[in-house]
Amino acid sequence: LLYGNSDSVDKEKNSFYTEHIRHWEGCQLNSFMIKLEGETDFFSVSSVTSVSTGKYMESGIYNREYASLYLSDLAEISFLFSFCTEDYLAPGCIIPSSGFRYGISAGLYPVRNLSITGSMDTDSGMPDYKDSLCNDFSVGYTLKAVWEKAGL
């Protein structure tokens, strides 16, 4: 469990705060976060939920879910999903770069010193305030094979 607060008075005048906060001088961001995680020999899970709120500010929520499944030392697969509301501010008054994201990654380890990994993830930008139906959206793919020389 985590609590933090930060004073936004020192932030630049042309930032998020002047557009979305009614009383600049009195603004203070409060963040509450809880993380739950568990792990066994064949899977692990993690969940993070955070709330940002403050005087003269709209409250926002962030959530991230992560899970991995393991097949001995031969393979693993992981899943990620996260989202935040448009009013969420991360600790330190940081505006998240995306509204939601999800992905999957997998790894195969068929023989010693050889790993083959791949992933696919998406990233959707925060809504444009001029057109809430149009978001930036990108998809990323990676595929990597690594052979490590023994004895290094």
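The values are calculated or read from the model by the stated rules, or taken from the named source; none is laboratory data. Everything numeric here is computed off the predicted structure, so don't read it as measured data. Virtual Cβ from ideal backbone geometry, glycine too; neighbours counted across all protein chains shown. Each accessible area value is taken on the protein alone, full model and side chains, heavy atoms only, with ligands, DNA and RNA left out. Shrake-Rupley method; radii C 1.70, N 1.55, O 1.52, S 1.80 Å.
Among Phe100, Phe79, Phe83, which is the only one that is under 22 Å from Phe42 (Cα atoms) and of a type outside the set (Ser, Thr, Tyr)?
Phe79
Could you look through segment 59-92, keep only residues that are part of a strand (DSSP E or B) and among the charged types (D, E, K, R), and pick out the one that is surrounded by the most Cβ atoms within 10 Å (Cβ to Cβ)?
Of everything passing the filter in segment 59-92, Glu76 is surrounded by the most Cβ atoms within 10 Å (Cβ to Cβ).
Identify the residue in segment 114-152 that is among the hydrophobic types (A, V, I, L, M, F, W, C), in a loop (DSSP other than H, G, I, E, B) and open to solvent by 80 Å² or more (accessible area, probe 1.4 Å) and, among all such residues, is modelled with the lowest pLDDT.
If we take residues in segment 114-152 being among the hydrophobic types (A, V, I, L, M, F, W, C), in a loop (DSSP other than H, G, I, E, B) and open to solvent by 80 Å² or more (accessible area, probe 1.4 Å), then Leu133 is modelled with the lowest pLDDT.
Glu39 versus (1) modelled with pLDDT under 70; (2) open to solvent by 100 Å² or more (accessible area, probe 1.4 Å); (3) not β-branched (Val, Ile, Thr): which is the lone unmet condition?
Condition not satisfied by Glu39: (1).
Of everything in segment 93-113, what is modelled with pLDDT under 85, open to solvent by 40 Å² or more (accessible area, probe 1.4 Å) and in a loop (DSSP other than H, G, I, E, B)? Give them in sequence order.
Ile95, Ser97, Arg112, listed by residue number.
For Ser52, are the conditions met, namely being in a strand (DSSP E or B) and crowded, with 17+ Cβ neighbours inside 10 Å?
Spelling it out, Ser52 is indeed in a strand (DSSP E or B) and crowded, with 17+ Cβ neighbours inside 10 Å.
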